[in-house]
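Peer 1: Can you read through this structure? Questions will come right after.
The values are calculated or read from the model by the stated rules, or taken from the named source; none is laboratory data. If you're wondering where the values come from, they're calculated on a predicted model, not measured in any experiment. As a convention, Cβ positions derive from the backbone with ideal geometry for all residues, glycine included, and neighbour counts pool all protein chains shown. The protein model used for the area step is the full one, side chains on, heavy atoms only, and it has no ligands, DNA or RNA in it. Shrake-Rupley method; radii C 1.70, N 1.55, O 1.52, S 1.80 Å.
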Amino acid sequence: MTSKTIAGLTVQLNDEGYLKDPSQWNREIAEELARETGIELTGKHFEVLEYLREQHAAGVPLTIRKVGKSGIVDIKGLYTLFPGGPLKYSSKIAGIPKPVSCV
Amino acid sequence: MKSETIEKPLKKVCIICAKGSIEDVYATLVLANGAVMEGIEAKLFFTFFGLDAITVKQMNKIRTGTLGNPAMRMPGGLPFPSLLGAMPGVEAGVSAMMKSQMEKLDIPPVGEFLEMITAGGGEVYACKLAMDMFKLEEEDLWEGCSGVLTVGDFYAMCGGENTQIIFT
C-alpha cells in the first residue's frame with residue numbers, strides 16, 4: 001500500500017494502484033490516475049466513470065458486458081476510451097476496486 | 001548468488017478450439033475475451049467440431065454432452081446416471097440449465113461473446129480443412145469471422161515474442 005498526494009489530497013492506493021477508499025475520489029484524482037495510464041480524460045470518459053461509480057455504490061458486480069449495455073458507450077467504444085484495459089483502467093480511474101469478474 | 005529473471009508480460013495468445021460443446025467453446029471464448037481485456041492480442045482458430053461456434057446455424061445452439069462425462073452431476077451433487085443422459089431431451093435440458101446459470105453470471109451467448117472479443121481487437125478464423133470436411137462455405141460462417149485459414153497461415157500469425165498457443 002502506498003499513499004500519494006494528488007491535488008492537495010492524500011489518498012491511499014493498493015499495490016495495483018487502485019484507490020483504497022472510493023469516497024476519496026474526485027475529478028482531479030481521476031485526471032492524475034488517467035495520466036499515469038496514458039489517457040487524457042474527456043467528457044465521455046467521465047460519463048463512463050460516473051456510471052461505474054454509481055454501479056459500484058449500488059453493489060453491482062461489474063462486467064464489460066454490463067458497461068456495453070449501459071447506453072453510455074458500446075464495448076468497442078470502451079476499448080477506444082481505455083485502450084489495453086477497458087475495465088481494469090476505467091475502474092482504476094473511477095476510484096473503485098478492480099472488478100473480480102473474468103468477463 | 002541470486003539470479004533474477006524478469007518476467008515479460010504475455011503479448012499474444014493464439015487459441016485453437018476443436019470441439020463444439022459448451023465447455024470447450026466457452027473455455028475458448030472466456031480465455032480470448034480475458035486476453036483482449038488485459039490488452040493481450042488474441043487470435044482464435046476454430047476447427048473440426050469447434051466450427052459450430054462460428055457457424056451461424058449452430059452457434060447459439062451448442063450443448064454440453066450428458067454421456068461419458070463423470071463430472072456431470074445432478075443439481076445438488078448426486079451422480080448423474082448415464083442412462084438418464086441418454087434419454088431424449090435430457091441433453092437439451094441440461095444445456096439450457098447451464099446457459100441460464102451462465103447468463104446469471106453475465107456470460108453472454110456465443111454470438112454476443114464473439115462480438116465482444118472482436119470489439120476488443122480479437123480475430124476469429126475458421127480452419128480450411130475442417131470447412132471442406134463439413135462442406136461449409138464462407139457464407140455459412142458468422143459475419144465477424146476474419147477468414148478461412150490453413151494450418152500454415154495460422155502458424156504464421158503465431159509468431160513474435162511472448163506468444164502462446166493454447167488448445168482448448
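Peer 1: In whole Hz, with x marking every Gly and Pro, tabulate ³J(HN,Hα) for the range A:96-101 from phi via Karplus 6.51 cos²θ - 1.76 cosθ + 1.60, θ = phi - 60°.
Peer 2: 10, x, 5, x, 9, 6
Peer 1: Please report, in cubic angstrom per residue, the volume enclosed by the convex hull of the alpha-carbon atoms of chain A. Numbers along the way, then the final one.
Peer 2: Values: hull volume 9.5 nm³, N = 103.
Normalising the Cα hull of chain A by residue number yields 92 Å³.
Peer 1: Moving on. For B:Asp132, what charge total do you get from the other residues with a beta carbon under 13 Å from its beta carbon, if Lys and Arg give +1 and Asp and Glu give -1? Numbers along the way, then the final one.
Peer 2: Numbers: positive: B:Lys128, B:Lys135; negative: B:Glu137, B:Glu138, B:Asp140.
Value of the local net charge: -1.
Peer 1: Probe radius 1.4 Å, ligands and nucleic acids ignored: give me the carbon and sulfur share of the accessible area of the range A:2-93 as a rounded percent.
Peer 2: Numbers: 2130 of 4450 Å².
On the range A:2-93, the fraction of accessible area on carbon and sulfur atoms equals 48 percent.
Peer 1: Please state the relative contact order of the range A:2-93 as a whole percent: Cα pairs under 8 Å, 6+ residues apart? Kindly include the intermediate steps, with their values, before the conclusion.
Peer 2: On the way: 75 pairs, mean separation 21.9, N = 92.
With pairs under 8 Å counted, the relative contact order is 24 percent.
Peer 1: In Å³ and rounded to a whole number, note down the convex hull volume per residue for the Cα atoms of chain B.
Peer 2: Dividing the Cα hull volume of chain B by its residues yields 164 Å³.
Peer 1: For peptide B:33-39, what's the mean number of Cβ atoms from other chains within 10 Å of each residue's Cβ? Please report the intermediate quantities before stating the final value.
Peer 2: Numbers: counts 5, 3, 0, 6, 14, 5, 8.
Mean shielding by partner chains, rounded to a whole number: 6.
Peer 1: Round to a whole angstrom and tell me the spacing of the C-alpha centers of the range B:115-168 and the range A:27-103.
Peer 2: Cα centroid to Cα centroid, the span is 30 Å.
Peer 1: I'd like the interface area for chains B and A: accessible area of each alone minus the complex, both sides summed, 1.4 Å probe, protein heavy atoms only. What is it in Å² to the nearest 100?
Peer 2: Details: alone 10130 and 5720 Å², together 14520 Å².
Adding both sides of the contact gives about 1300 Å².
Peer 1: Over all residues in A:73-86, what is the mean tally of Cβ atoms on other chains that come within 10 Å of each residue's Cβ? It would help to have the intermediate numbers written out before the result.
Peer 2: On the way: counts 0, 3, 10, 6, 1, 3, 7, 1, 0, 1, 3, 7, 4, 6.
Across the residues of A:73-86, the mean count of other-chain Cβ atoms within 10 Å is 4.
Peer 1: Taking the convex hull of the alpha carbon atoms in the range B:56-128, what volume per residue do you get, in Å³?
Peer 2: On the way: hull volume 9.9 nm³, N = 73.
Enclosed volume per residue, from the Cα hull, is 135 Å³.
Peer 1: About its Cα centre, what dipole magnitude does the range B:19-66 give when the only charges are +1 on Lys and Arg Cβ and -1 on Asp and Glu Cβ, stated in debye to the nearest 20?
Peer 2: On the way: 5 positive and 5 negative charges, 54 e Å.
That gives a dipole near 260 debye.
Peer 1: Treat every Asp and Glu Cβ in chain A as -1 and every Lys and Arg Cβ as +1, leave all other atoms uncharged, and give the resulting dipole magnitude about the Cα centre to the nearest 20 debye.
Peer 2: Numbers: 13 positive and 12 negative charges, 71 e Å.
Rounded to the nearest 20 debye, it is 340 debye.
Peer 1: Right, another one. Under the Kirkwood approximation applied to all pairs of distinct alpha-carbon atoms, what is the hydrodynamic radius of the protein assembly as shown in Å?
Peer 2: Numbers: mean 1/r = 0.0481 Å⁻¹.
By the Kirkwood definition, the hydrodynamic radius is 20.8 Å.
Peer 1: Further question: In what sequence, highest mean first, do A:47-53, B:135-141, B:75-81, B:42-48 appear when ranked by Cβ atoms within 10 angstrom?
Peer 2: Working: A:47-53: 18.9, B:135-141: 12.4, B:75-81: 9.7, B:42-48: 24.0.
In descending order of packing, they fall as B:42-48, A:47-53, B:135-141, B:75-81.
Peer 1: Turning to a different aspect of this structure: Which listed residue (B:Leu31, A:Gly71, B:Asn69) has the Cα farthest towards the positive end of the charge dipole for the protein assembly as shown, taking +1 on Lys and Arg C-beta and -1 on Asp and Glu C-beta about the Cα centre?
Peer 2: B:Asn69
Peer 1: Taking Cα pairs under 8 Å and at least six residues apart, what relative contact order does chain B come out at, in percent?
Peer 2: 34 percent
Peer 1: Which entries in the list A:Lys44/A:Lys66; B:Lys11/B:Lys61; B:Lys8/B:Lys104; A:Lys44/A:Lys92 go over 26 Å, if you measure between the two C-alpha atoms of each? Intermediate results must be reported in sequence, preceding the final value.
Peer 2: Details: A:Lys44/A:Lys66 17 Å; B:Lys11/B:Lys61 33 Å; B:Lys8/B:Lys104 35 Å; A:Lys44/A:Lys92 16 Å.
In this structure, B:Lys11/B:Lys61; B:Lys8/B:Lys104 lie more than 26 Å apart at Cα.
Peer 1: Based on DSSP H runs of at least 4 residues, each adding -39500 (n - 2.57), what is the mean residue ellipticity at 222 nm of chain B after dividing by all its residues, to the nearest 500 deg cm²/dmol?
Peer 2: Dividing the helical sum by the residues of chain B leaves -10000 deg cm²/dmol.
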